[in-house]
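Encoded as structure tokens, the structure appears first; notes follow it.
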Amino acid sequence: MSCISTVSTEILFNGEALDPIHPSRGIRQADPLSSYLFILCMDFLGQLIQEKCVAKLWQPRKVSQNDPAFSHMFFADDLVLFAKANATNCSAIRDAIDEFCRLSGQTVSEAKSKVYFSPNVDRDSKESFCDILDFSSTHFLGKILDFPLDTLVLPCKIIISFLKG
């Protein structure tokens, strides 16, 4: 953050530098730097997720028996998390999100964040898992980059959108 908050810009006018400008409004959504900062922040979140997976607190998913397991995907400014639908995984997901938010200053957009369960997860379990995650469930995740997310039928998917705190 110090690289962003302590920046100054000088404009050359007729070959001479004018007084420095110290931006005070921070980075905005259209700022060309915001995409790179998002990637850096999400890389850190990816490391937190990987730590949970290595510690066997988060079970990543496989599309089929012989495929590699995966726990998360980043699309533009969205995050898709994948885990087996159980209380241990939900707690690990919540812990990783909370730690990331605490350390980064980001907040989760509750309105944009949803949990999708495969049809074989019973209603009581869905409610219990949603309580742990503090997200509501959905029957349709929509599309990201014109790719329908419902085509990956796995026990639990969580779409999370972050907002700057």
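Kindly evaluate A55 against the criterion of being exposed (fewer than 12 other Cβ atoms within 10 Å of the Cβ), at pLDDT below 90 and of a type outside the set (V, I, T). When the stated conditions are applied, A55 does not pass them.
Kindly indicate whether any position in region 77-86 is at pLDDT below 70 and open to solvent by 50 Å² or more (accessible area, probe 1.4 Å). Yes, some residue in region 77-86 is at pLDDT below 70 and open to solvent by 50 Å² or more (accessible area, probe 1.4 Å). Of all residues in region 1-46, those being of a type in the set (D, E, K, R), modelled with pLDDT under 75 and either part of a helix (DSSP H, G or I) or open to solvent by 60 Å² or more (accessible area, probe 1.4 Å) (or both) number 2. Under the condition of being open to solvent by 30 Å² or more (accessible area, probe 1.4 Å) and either touching a Gly at 6+ places or on another chain (Cβ under 8 Å) or more than 10 Å from K114 (Cβ to Cβ) (or both), the residues counted in region 126-140 number 6.
Restricted to region 86-139, the set of strands (runs of 3 or more DSSP E) holding at least 2 residues that are in contact (Cβ under 8 Å) with a residue 40 or more places away in the chain and of a type in the set (S, T, N, Q) comprises 106-108.
Exactly one residue out of F117, F135 is at pLDDT 80 or above and within 30 Å of L40 (Cβ to Cβ): that is F135. Among the residues of region 58-76, those that are open to solvent by less than 40 Å² (accessible area, probe 1.4 Å) and assigned to a loop (DSSP other than H, G, I, E, B) comprise W58, S71.
The values are calculated or read from the model by the stated rules, or taken from the named source; none is laboratory data. Remember, it's a predicted structure, so these values are computed and weren't measured experimentally. Positions of Cβ are generated from backbone atoms using ideal geometry, with glycine treated the same way; all protein chains shown enter the neighbour counts. Accessible surface is based on the protein model in full, side chains and every heavy atom, while ligands, DNA and RNA are left aside. Shrake-Rupley method; radii C 1.70, N 1.55, O 1.52, S 1.80 Å.
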